1. What's the total number of residues in region 4-23 that are closer than 15 Å to Leu60 by Cβ and part of a loop (DSSP other than H, G, I, E, B)?
2. For Arg45, state whether it is in a loop (DSSP other than H, G, I, E, B), surrounded by 10 or more Cβ atoms within 10 Å (Cβ to Cβ) and among the charged types (D, E, K, R).
3. Restricting to region 6-42, name every residue that is among the hydroxyl-bearing types (Ser, Thr, Tyr), over 11 Å from the mean Cα position of the chain (by Cα) and surrounded by 10 or more Cβ atoms within 10 Å (Cβ to Cβ).
4. Hey, any hits in region 68-83 for a residue that's within 18 Å of Thr3 (Cβ to Cβ), modelled with pLDDT under 90, part of a helix (DSSP H, G or I) and out of contact with any Ser or Thr (no Cβ under 7 Å at 6 or more places or on another chain)?
5. With Leu39, Leu31 as the choices, which residue is within 24 Å of Asp78 (Cα to Cα) and touching a Leu at 6+ places or on another chain (Cβ under 6 Å)?
6. Return the pair list, or none, for Cβ contacts closer than 6 Å from residues in region 56-69 that are farther than 22 Å from Asn14 by Cα and surrounded by fewer than 17 Cβ atoms within 10 Å (Cβ to Cβ) to residues that are at pLDDT 90 or above and not acidic (Asp, Glu), at least 6 apart or on different chains.
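The values are calculated or read from the model by the stated rules, or taken from the named source; none is laboratory data. Here the structure is a predicted model, which is why all the values come from computation and not from measurement. Using ideal geometry, Cβ is built from the backbone for each residue, glycine included, and neighbour counts are taken over all protein chains shown.
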Amino acid sequence: MVTVTDRATQELRNILAEETTKPGQALRLVLRPGGDFGLGVDEEREGDEVVAADGEKILLIAREIADAVGDATIDAQDTGKGQELVISN
């Protein structure tokens with residue numbers, strides 16, 4: 001199961017607030033060509049791992065991606081140019 005730190009939760013909320021979303025949508029962790037992870041806006045699908053904060057869905061992770069990252073932790077780190085989300089095992 002993926003763990004999301006409080007800092008990462010806040011950063012995900014900030015990103016979600018900047019996106020134009022419909023009710024019920026959240027950010028989805030996606031695998032980009034080349035093996036990098038990214039975020040997109042989507043709706044929950046059957047089998048998704050859902051990360052919620054204060055009852056609000058903020059991150060959706062498809063089963064196959066959740067299986068691939070295992071017990072990873074998503075955190076936010078200050079890069080000097082702003083916050084960056086980092087996935088570590």
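1. Matching residues across region 4-23 total 4.
2. yes
3. Within region 6-42, Thr21 is the sole residue that qualifies.
4. Yes; the residues of region 68-83 include at least one that is within 18 Å of Thr3 (Cβ to Cβ), modelled with pLDDT under 90, part of a helix (DSSP H, G or I) and out of contact with any Ser or Thr (no Cβ under 7 Å at 6 or more places or on another chain).
5. The unique qualifying residue is Leu39.
6. Arg63/Gly47
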